[in-house]
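Reading through the structure tokens given below for one structure.
The values are calculated or read from the model by the stated rules, or taken from the named source; none is laboratory data. Because the structure is predicted, anything quoted here is derived from the model rather than measured. In this analysis, Cβ positions are derived from the backbone assuming ideal geometry, glycine residues included, and neighbour counts consider all displayed protein chains. Heads up: the accessible areas ignore ligands, DNA and RNA and are worked out on the full protein's heavy atoms, side chains in. Shrake-Rupley method; radii C 1.70, N 1.55, O 1.52, S 1.80 Å.
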Amino acid sequence: MAITTRPISAITTMMVEMTNVSGGFSPVITLDRTAAKPLHRQIYDAFRATIIGRNLQSGQQVPSSRTLALELGISRIPVLSAYDQLLAEGYFESRRGAGTFVSSSLPDQLMSCEYRSAGPDQPPSGPRKTSDRSALLPGREESPWVFGSGAFSVGQLAFDHFPLQIWANLVSRHARKVRASALNYAEPMGSRDFREAIATYLRTARAVHCDASQIMVVSGSQQALDLSARVLLDPGRPVWVEDPSYRLMQFALTMAGCRLIPVPVDGEGMDVAAGVKTCRKARAAFVTPSHQFPLGVTMSASRRLQLLDWAHNAGSWIVEDDYDSEYRYESLPIASLQGLDHGKRVIYIGTFSKTLFPAVRLGYMVIPTDLVDRFVAVRRALDVCPPSFNQAVLTDFINQGHFARHIRKTRMVYAERRSALVVAVEQEFGSRLPILGDEAGMNLAVKLPPGLADREISIRAAARNLWLWPLSTSYLGKPVHQGFILGFGSIKKSDIPAAVRRLKDELSAHPKWS
């Protein structure tokens with residue numbers, strides 16, 4: 001069957017120049033030379049369907065008949081016939097000296113219910129089946145605090161203290177010297193120079209045992225968690241997770257089909273003995289030992305050794321998410337769990353989303369040598385390789401000392417903001433709002449008095465631009481605490497007292513507060 005399919009490339013240029021609406025995308029016309037339907041009718045139907053579907057909009061220019069005939073590799077006569085019919089029916093209009101355009105006054109039938117139902121603002125008809133796993137994840141309306149950016153928003157940073165000019169200069173320099181070879185697919189593990197820089201940093205600052213050959217560059221800790229689940233775990237397999245724990249980690253494991261085993265967290269971190277009692281043969285444990293999210297505790301040395309001993313004896317894996325370990329305020333940064341591992345059972349995860357900015361979309365994994373091949377195979381099946389440009393920029397940023405200076409500077413900034421938040425909470429609430437986990441990171445937690453539901457309060461507060469992440473949503477089992485996770489990374493020190501007073505006003509409005 002001889003079928004001609006050619007994008008109308010002329011439309012792209014004309015639309016961008018004359019209407020600036022199309023964004024550079026072109027409709028496609030498919031011609032079947034062996035079909036009973038004449039070519040002019042095929043062209044007519046293709047344009048009519050595109051206009052009805054709102055992919056070509058009023059006032060957009062279409063190619064001249066000569067240009068379109070050339071693009072499709074056919075005689076001009078079928079194109080002229082199609083255009084004449086479209087003009088006659090009011091889909092096209094001709095403007096003297098300018099060309100042919102989609103009509104600014106479309107036929108009445110386009111406004112009928114039949115066509116409106118297919119519009120972007122109309123609800124779809126018929127069953128819309130999605131996977132059972134995706135239905136387990138909450139939508140935007142169910143968790144508005146996750147998407148907020150303002151007072152107490154979790155995951156927001158001190159962007160005003162980032163060395164933008166230095167970063168911009170490095171970006172400009174790399175953009176000017178880009179080569180054609182850089183446009184090709186890259187190494188699945190990431191740039192060798194970038195991985196060398198990461199390895200040097202991790203060995204020095206985090207006591208991680210690694211070299212560049214073990215490091216895989218990823219788009220952030222979330223991709224690292226997803227990859228770990230895909231490589232290490234089969235659907236239905238039990239895995240330990242801290243309870244409470246990071247919700248997006250829970251979601252990654254849920255989407256992998258794992259059976260999540262909640263293991264309680266106390267003042268020493270994950271209760272390993274409780275995990276062994278509940279499910280000794282779990283395939284893996286996902287932990288945040290340096291700064292537990294969301295309670296903020298640090299896993300004790302004895303618990304770390306217990307966890308490593310369990311993994312070795314059970315033949316299980318440990319996934320260590322070291323997401324913001326650079327920021328400690330009462331002591332020096334805590335050494336990694338991976339650095340204590342002599343049985344090569346730990347997969348170590350880190351990210352630049354907390355130390356630089358989330359939009360850089362760069363993180364890393366330290367993988368035991370014998371697992372590297374499996375991780376590469378799965379990585380290739382998902383997204384082939386990481387983008388290379390930001391890796392090159394960040395390599396220079398690290399090697400020239402800017403990264404270390406930025407960490408030192410922001411550690412002082414966050415320490416001041418954390419202290420201001422602690423003082424303000426204690427002044428406004430006294431002992432009614434106990435503080436948890438303020439020794440590290442860019443967030444702390446507060447506990448609510450009995451009888452108050454944190455999720456209900458958080459939803460109401462979000463409508464007032466106050467972003468209170470409810471502590472209870474981080475629990476897999478029955479919540480031990482009701483409270484809030486309060487981020488202080490992006491709020492200025494001078495604004496913290498007023499934000500805490502807004503929090504007090506929000507709580508005071510609750511009938512069970514007084």
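Need a quick list: strands (runs of 3 or more DSSP E) entirely within the range 27-113 having at least 2 residues that are open to solvent by 80 Å² or more (accessible area, probe 1.4 Å). By residue number, 92-95. Scanning the range 217-231 for residues that are surrounded by fewer than 23 Cβ atoms within 10 Å (Cβ to Cβ) and either under 18 Å from Asn390 (Cα atoms) or polar (S, T, N, Q) (or both) yields Ser219, Gly220, Gln222, Gln223.
Say we look at the range 115-130 and pick out the residues that are surrounded by fewer than 11 Cβ atoms within 10 Å (Cβ to Cβ) and either at positive phi or of a type in the set (Gly, Ala, Ser) (or both); which of these is modelled with the highest pLDDT? Talk me through it step by step, then tell me what you get.
Applying the first criterion (surrounded by fewer than 11 Cβ atoms within 10 Å (Cβ to Cβ)) to the range 115-130 yields 120-121, 123-130.
Narrowing the set further to residues that are either at positive phi or of a type in the set (Gly, Ala, Ser) (or both) leaves 125-126.
On the way: Ser125: 64, Gly126: 71.
Out of the qualifying residues, it is Gly126.
Of the residues making up the range 301-322, not one is open to solvent by less than 30 Å² (accessible area, probe 1.4 Å), assigned to a loop (DSSP other than H, G, I, E, B) and out of contact with any strand residue (DSSP E or B) (no Cβ under 6 Å at 6 or more places or on another chain). Within the range 441-457, the residues that satisfy the criterion of being over 18 Å from Ile496 (Cα atoms) and open to solvent by less than 10 Å² (accessible area, probe 1.4 Å) are Leu452, Asp454, Ile457.
I'd like to know if the range 131-141 contains one or more residues that are hydroxyl-bearing (Ser, Thr, Tyr) and open to solvent by 30 Å² or more (accessible area, probe 1.4 Å).
Pass one, the range 131-141, residues hydroxyl-bearing (Ser, Thr, Tyr): 131, 134.
If we keep only those that are open to solvent by 30 Å² or more (accessible area, probe 1.4 Å) as well, we get 131, 134.
Checking the range 131-141: at least one residue is hydroxyl-bearing (Ser, Thr, Tyr) and open to solvent by 30 Å² or more (accessible area, probe 1.4 Å).
Of all residues in the range 371-383, those being within 18 Å of the chain's Cα centre (by Cα) and at pLDDT 95 or above number 1. Annotation: of all residues in the range 481-514 being open to solvent by 50 Å² or more (accessible area, probe 1.4 Å) and hydroxyl-bearing (Ser, Thr, Tyr), the one that is nearest to Ala424 (Cα to Cα) is Ser494.
Residue-wise test of (1) aromatic (Phe, Trp, Tyr); (2) more than 29 Å from Ser514 (Cβ to Cβ).
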{"position": "Ile398", "(1), (2)": "no, yes"}
{"position": "Phe403", "(1), (2)": "yes, yes"}
{"position": "Lys409", "(1), (2)": "no, yes"}
{"position": "Ala462", "(1), (2)": "no, no"}
{"position": "Pro470", "(1), (2)": "no, no"}
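In the set Thr369, Thr355, only one residue is of a type in the set (Ser, Thr, Tyr) and surrounded by fewer than 16 Cβ atoms within 10 Å (Cβ to Cβ); that residue is Thr369. The sole residue among Leu433, Leu444, Leu452 that is in contact with a His (Cβ under 8 Å, 6 or more places away or on another chain) and on the phi < 0 side of the Ramachandran plot is Leu452.
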